[in-house]
1. Select from segment 211-236 the residues that are open to solvent by 70 Å² or more (accessible area, probe 1.4 Å) and closer than 30 Å to D61 by Cβ and list them in ascending order.
2. Kindly provide the set of residues from segment 324-341 that are under 49 Å from the mean Cα position of the chain (by Cα) and assigned to a loop (DSSP other than H, G, I, E, B), ordered by number.
3. List pairs: first in segment 148-161 and within 11 Å of L105 (Cα to Cα), second of a type in the set (S, T, N, Q) and surrounded by 17 or more Cβ atoms within 10 Å (Cβ to Cβ), Cβ under 7 Å, 6+ apart or cross-chain?
4. For P45, are the conditions met, namely being farther than 30 Å from L414 by Cβ, open to solvent by 40 Å² or more (accessible area, probe 1.4 Å), of a type outside the set (A, V, I, L, M, F, W, C) and in contact (Cβ under 8 Å) with a residue 12 or more places away in the chain?
5. Considering segment 50-95 alone, what residues qualify as being of a type in the set (A, V, I, L, M) and over 21 Å from I25 (Cβ atoms)?
6. Within segment 430-453, take every residue that is of a type in the set (A, V, I, L, M) and within 25 Å of G132 (Cα to Cα) and give me the one that is surrounded by the fewest Cβ atoms within 10 Å (Cβ to Cβ).
7. Select from segment 289-312 the residues that are open to solvent by 70 Å² or more (accessible area, probe 1.4 Å) and of a type in the set (A, V, I, L, M) and list them in ascending order.
8. Here is a check on your reading of the model: is I405 touching a residue at least 24 places away in the same chain (Cβ under 8 Å), of a type outside the set (K, R), surrounded by 14 or more Cβ atoms within 10 Å (Cβ to Cβ) and in contact with a helix residue (DSSP H, G or I) (Cβ under 7 Å, 6 or more places away or on another chain)?
Amino acid sequence: MTAKEKSFLTSVWDFLCSLKLTIIILILLAVTSIIGTVVQQNLSPQEYLQIYTEKTYKLLDSLQFFDMYHSWWFLSLLGLFSLNLICCSIKRFPRVWNTVMHPQLKGDESLFRTLSNADEVVVGGTMDEAAGRLRSFVQKHFAGAVETREDDRIYLFAQKGPYARFGVYVTHLSILIIFIGAIIGNIWGYKGYMNVVEGGSADTVRLFGTNEAVKLPFAIRCDRFEVSFYEGGGRPKEYVSDLVVLDNGQDVLSKTIEVNDPLSYQGITFYQSSYGPAGDPSFKVRVRTRSTGEEQEILARQGEHVALPGGRSFAITASTPSYDRFGPAIQMHVNSADGQHGNPFVVLQNFPDFDAQRGDEFIFSLLQINQSYYTGLQVGKDPGVWVVWLGCFLMIFGSLAAFFISHRRIWVTLQPVDGKIGVRIGGSAHRNQPAFELFFDDFKAKLKDELKG
């Protein structure tokens, strides 16, 4: 390999290991994630053309903004970020491994020159006696010490939390595992929707943003759908569905689902997401003849012309489950004998005598609105979700180790000094230096008291 080739490869390696590259990628990922939040994802072309002009739609579609999280440029950013994490870890890991697995046991002169937390004291007695007392003290107030003898010196070394140095690499690994789980979900999973009519069943999922469909190995039946509304308006308050899983024609699982309480079966999850009317409603109305007081109950469908005595007829043209603050209501009109439509009027279910004020020969009361609904289910299959959960667990574990546990080390050196024993003590921590300084000041004060005693 020539020097020029080596220089090029070194430059590429340094670029991939650069912290600046990490910061730039994180900024780009944050900006693109904002785009993915502002621009709705995986809608149909018809829905996008209702929001944007055709020219804007074509531009955003060419940039893959409508399916951003599957776009080549977003996946490339994730790939580059993963490569950056791997290279940074490979570059720094050997030094950390050597620090943890092969610590410096001897506190020599060169080491003490690098320590900001150090002190020394001269005591009497023998080397063995002082070493024994110090070893017991360090074990009691810090951790078990390793003793090393060389020439006329005795070295003691103790440490706590050495594996905290690996926390950052566990965090790096967790990010890569989360990415792998997301890739597994994107390749072998899907997201779509299905509509199941109340009383019916369905086994086909329409995928978001495409015309493709996935046939399930089982069917979903909706036995009941119920929706309630806020008082004074038509906004839905809550809607729930009683779902049953049919596998090989047998009922194998049933559950009442609502928003944020889905049904899961064979790794596929069904979320309550929407609803809508299935077909025209039918209405049960009471018709009372003003002159005779005669009443009859009639079952009518929307748009159907129903005959009345005397050759007249009526038709219901619209309905609502919540009319202003008055509850369920219908709009209808009465036709003359020659088929002319009369003026439309409203009949309220909660006020059965309301229509009597109209003054017509026929007085209408709404008894019941029978409207069948379909339940709209969002369907998701993500085989990589457990991989993502594993990555999240490792991220929490690694972050706790990296940010809240510190690798602390204590060195004690004993050497003869003019017929006495010189004791040098030093310590360091790779994180949270202020807290370690407070600990070390207390530790060395107790150690001096121990030696004087």
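1. N211, E212, K215
2. D324, R325, F326, G327, P328
3. Y155/T413
4. Values: farther than 30 Å from L414 by Cβ: yes; open to solvent by 40 Å² or more (accessible area, probe 1.4 Å): yes; of a type outside the set (A, V, I, L, M, F, W, C): yes; in contact (Cβ under 8 Å) with a residue 12 or more places away in the chain: yes.
Yes; evaluated as a whole, the condition is true for this residue.
5. Narrowing segment 50-95 to residues of a type in the set (A, V, I, L, M): 51, 59-60, 63, 68, 75, 77-78, 80, 83, 85-86, 90.
Correct list: I51, L59, L60.
6. Filtering segment 430-453 down to residues of a type in the set (A, V, I, L, M) leaves 435, 438, 445, 447, 451.
The next check asks that each one be within 25 Å of G132 (Cα to Cα); those that pass are 445, 447, 451.
On the way: A445: 11, L447: 22, L451: 18.
The extreme case among them is A445.
7. Passing the criteria: L299, A307.
8. Values: touching a residue at least 24 places away in the same chain (Cβ under 8 Å): yes; of a type outside the set (K, R): yes; surrounded by 14 or more Cβ atoms within 10 Å (Cβ to Cβ): yes; in contact with a helix residue (DSSP H, G or I) (Cβ under 7 Å, 6 or more places away or on another chain): yes.
Considered against the rule, which asks whether it is touching a residue at least 24 places away in the same chain (Cβ under 8 Å), of a type outside the set (K, R), surrounded by 14 or more Cβ atoms within 10 Å (Cβ to Cβ) and in contact with a helix residue (DSSP H, G or I) (Cβ under 7 Å, 6 or more places away or on another chain), I405 comes out as yes.
The values are calculated or read from the model by the stated rules, or taken from the named source; none is laboratory data. Model, not experiment: these values are computed from the prediction. Quick reminder, even Gly has a Cβ in these numbers, built from the backbone with ideal geometry, and neighbours come from all protein chains shown. Remember, those area values only see protein heavy atoms, side chains included, never the ligands or the DNA or RNA. Shrake-Rupley method; radii C 1.70, N 1.55, O 1.52, S 1.80 Å.
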